[in-house]
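A short write-up of the structure that comes next.
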Amino acid sequence: MYMFCGDSHVRQFQDYPGWDTFSLTSFLGATMKGLASARGMRRHGQAIMTLATVPTPKTLFLMFGHVDLDVTWFRKSTLEVKTDEDDFFRQRLDALTTFVKECRRLAGGVVRRVCVLLPQLPTLADPHFINHTAGLAAVEEHQLIELAAAQDCSQLARCHRTARFNEYISQSVPSEGDIAVYRIDDQMADGTGLVLPRFVRDDLPDTHPSTEATLPLWWDLLKDELLAYRYMDERRRERLGQRSAALQELDDVGL
């Protein structure tokens with residue numbers, strides 16, 4: 001079984017094309033830090049743990065961090081004298097690793113692997129940042145305007161923070177056989193680190209990238225975790241007359 005849990009960005013996976021048992025649960029406004037908190041408003045960590053312990057062998061996919069970076073960071077920055085980035089990142093890492101350890105303890109017999117899907121680059125353009133973020137973070141617009149005068153809140157700076165966060169988590173999560181970390185932010189950026197236009201939705205300002213642009217990157221990255229999807233991708237390549245990905249891998253390693 002493949003079980004996807006995350007904030008609203010995880011909904012892009014809802015049309016999983018494989019035939020395996022699949023579930024998806026999204027928690028609107030949920031944070032990575034809240035995974036290990038029993039006092040949080042969402043209590044999503046507890047809910048996921050309940051789902052994880054259902055006695056069906058599964059791979060658990062966790063997609064959190066967007067709300068931490070796009071909302072919590074700016075709320076804390078407006079309400080506190082100074083928000084330390086290193087400490088902010090560390091708290092999220094601690095929550096993630098605490099949750100995974102607890103998952104091993106309570107559901108180790110049925111959760112065979114945990115895959116952490118790190119945040120995508122922010123797509124909210126600068127002209128919409130103040131109004132949109134003030135509503136999400138429950139702060140006054142003038143507070144964000146004052147923050148932007150003291151702290152770089154540009155989209156480029158926000159993209160850079162996401163990249164730093166993802167690098168920190170990628171390098172800090174223990175490299176053990178039952179946990180893997182995946183990210184696509186490095187495929188979403190131009191040479192300066194700014195999100196590429198094709199990932200930005202054409203309609204109203206949105207903090208969610210275009211699913212049409214991100215989802216193929218995720219499926220390709222996760223194909224070894226989703227064996228049925230890999231099989232279907234091989235059949236698709238055959239129908240299109242393209243070389244098998246498996247055969248290409250053999251060529252790449254010189255076999």
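The values are calculated or read from the model by the stated rules, or taken from the named source; none is laboratory data. Every value quoted in this text rests on a predicted model; they were computed, and no experiment measured them. When we count neighbours, we look across all protein chains shown, and the Cβ atoms used for this are built from the backbone with ideal geometry, even at glycine.
Remarks
- Test result for Gln120, surrounded by 14 or more Cβ atoms within 10 Å (Cβ to Cβ) and over 28 Å from Gln187 (Cβ atoms): no
The rows are residues; the columns are (1) among the small types (Gly, Ala, Ser); (2) under 16 Å from Leu118 (Cβ atoms); (3) surrounded by fewer than 14 Cβ atoms within 10 Å (Cβ to Cβ).
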| site | (1), (2), (3) |
| --- | --- |
| Cys159 | no, yes, no |
| Asn166 | no, yes, no |
| Ser172 | yes, yes, no |
| Ile184 | no, yes, no |
| Met188 | no, yes, no |
| Pro205 | no, no, no |
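- Look at the range 94-116: where a residue is within 20 Å of Leu221 (Cβ to Cβ) and a partner is polar (S, T, N, Q) and surrounded by fewer than 21 Cβ atoms within 10 Å (Cβ to Cβ), sitting 6+ places away or on another chain with Cβ atoms under 8 Å, you get Arg112/Thr59; Arg113/Thr59; Val114/Thr59; Cys115/Thr59.
- Residue in the range 184-196 that is within 25 Å of Ile48 (Cα to Cα) and outside any helix (DSSP H, G or I) present: yes
- Looking only at the range 197-216, residues that are more than 14 Å from the chain's Cα centre (by Cα) and part of a helix (DSSP H, G or I) come to 6 in all.
- Being more than 13 Å from the chain's Cα centre (by Cα) and either β-branched (Val, Ile, Thr) or surrounded by 15 or more Cβ atoms within 10 Å (Cβ to Cβ) (or both) holds for only one residue in Leu35, Leu28, and it is Leu35.
- Residue in the range 124-147 that is of a type in the set (S, T, N, Q), part of a loop (DSSP other than H, G, I, E, B) and surrounded by fewer than 17 Cβ atoms within 10 Å (Cβ to Cβ) present: no
- For the range 80-103, the criterion of being of a type in the set (Lys, Arg) and crowded, with 18+ Cβ neighbours inside 10 Å is satisfied by at least one residue.
- Hey, Ala180 within 16 Å of the chain's Cα centre (by Cα), over 27 Å from Ala125 (Cβ atoms) and of a type in the set (Gly, Ala, Ser) or not: yes
- Qualifying residue in the range 217-239 (condition: touching a Ser or Thr at 6+ places or on another chain (Cβ under 8 Å), within 30 Å of Glu102 (Cβ to Cβ), modelled with pLDDT of 95 or more and outside any helix (DSSP H, G or I)): no
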